Ligand SMILES: Cc1ncc(COP(=O)(O)O)c(C=O)c1O
């Protein structure tokens, strides 16, 4: 046996596949908020607990011994419950057997859909500002990211620019409504326009609908499931984390036509295989009652209104918040700083953490807007507003 020359011990150099990816702004701002004792309205997660019934249901499932691998596509009862919900809300039937797959949150659903359909060199259209996982996911699949800005100021989709970005190499387009970070909601007209645009093409749609139950002022969530021309080409993604205040449980799902679901499951099988068993059983039981998700718009609209009423007394200019649990504000009357510096200053000096919108653009576009998350206890929002009142 030869002895190892310790001088030769080395870690091989690694060429990163994702050179542009560093620590996310969400982690940075949450760490700064913790360090400075700021009220954290940065990262998007509730600071209140979920329904204790849900926790009891998970505990009961564990105690019943439901602790081993579930079926690869998800616990059948949960897939049935998802299928019934989509049909009741949007009038489109997805077969639980081969059109619904339970995932480890929306994040895994999105990367799995992308890996299933995007081949090296394929173009994928993203609408900026966009959720931070989309671009690295496309790059990992070897795809080419085609960035189309939402209309500056209003964040509405600009269909002329989307049409101009479409090419024979376009494999997919990613949309997100209700939208993180802008809190806009696509209208029925928007979805019809998209349906019309995609009709003559073979472009797939990945529709990120994680905030589907947070739509305000009596509007209806326009799921891609409602539009046959979109549903036929769509991977619809949702997240129980958002709907039931359990972001740490990381359970979501994808609904897609059988042929697309089959490809999706091939990738899913070898990147997660299966998702947490007792949580799936508990969710299946909990979903029998539609009240929790039907009550969600009013629950969050109250928080939005409380937060907006307080912000209206500051010099921030409030942007509309039609859906999601975010509120964006224009900072130009409050400060001369750029967004990122302003977010740091706000955290350190005023004691409230926010996220600069530039974090959602590839080129760091700065339009003097920051995002607050109002998925917080009323007292947390009131504490933040007390601090913001000086602005
Ligand atoms: C637009 C959007 N998509 C996807 C996700 C990820 O959801 P999950 O926690 O279920 O992975 C989030 C979470 O913040 C989001 O805002």
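Data for the structure
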| item | result |
| --- | --- |
| Cα shape, region 164-312, gyration tensor, a/c 1.5 rule | oblate |
| The chain, relative contact order [Cα under 8 Å, separation at least 6], % | 24 percent |
| Span from the region 139-172 Cα centroid across to the region 69-131 one, whole angstrom | 21 Å |
| Cα shape, the chain, gyration tensor, a/c 1.5 rule | rounded |
| Near-label residues of region 4-27 by backbone N, under 16 Å of a point 7 Å along Cα→Cβ of residue 132 | 18-27 |
| Separation in nanometres of the label points that stand 7 Å from Cα toward Cβ, at residue 36 and residue 144 | 4.2 nm |
| Spin-label model distance (nm) - residue 69 vs residue 5, 7 Å beyond Cα toward Cβ | 4.5 nm |
| FRET efficiency, 1/(1 + (r/R0)^6) with R0 56 Å, evaluated for residue 387 and residue 163 via beta carbons | 0.80 |
| Ordering of 60-68, 209-217 by burial proxy (mean other Cβ atoms within 10 Å per residue, highest first) | 209-217, 60-68 |
| Relative packing of peptides 16-23, 376-383, 356-363 - highest average C-beta neighbours within 10 Å first | 356-363, 376-383, 16-23 |
| Estimated [θ] at 222 nm from DSSP helical runs (n ≥ 4, -39500 (n - 2.57)) normalised by residues in the chain, nearest 500 | -11000 deg cm²/dmol |
| Computed lengthening from residue 288 to residue 187, 0.36 nm per intervening residue step minus Cα-Cα distance | 33.5 nm |
| Convex hull (Cα only) mean projected area of region 29-125, reported in nm² to one decimal | 10.9 nm² |
| Protection-proxy order for peptides 309-317, 138-146, each taking the mean of Cβ atoms within 10 Å per residue, highest first | 138-146, 309-317 |
| Gain on full stretching of the segment that runs from residue 56 to residue 217 - 0.36 nm per residue minus C-alpha separation | 54.7 nm |
| Estimated FRET transfer efficiency when R0 is 41 angstrom, pair residue 305-residue 266 (beta carbons, to 0.05) | 0.35 |
| Centroid-to-centroid separation of region 1-59 and region 242-306 [C-alpha atoms, Å] | 22 Å |
| Mean projected area (nm²) of the alpha-carbon convex hull when region 267-391 is viewed from all directions | 10.8 nm² |
| Rg/Rh for region 228-292, where both radii come from Cα atoms and Rh is the Kirkwood radius | 1.01 |
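None of the figures in this text is laboratory data; all of them are computed from the coordinates on show. Values in this document were obtained by computation on a predicted structure and should not be read as measured data. When we count neighbours, we look across all protein chains shown, and the Cβ atoms used for this are built from the backbone with ideal geometry, even at glycine.
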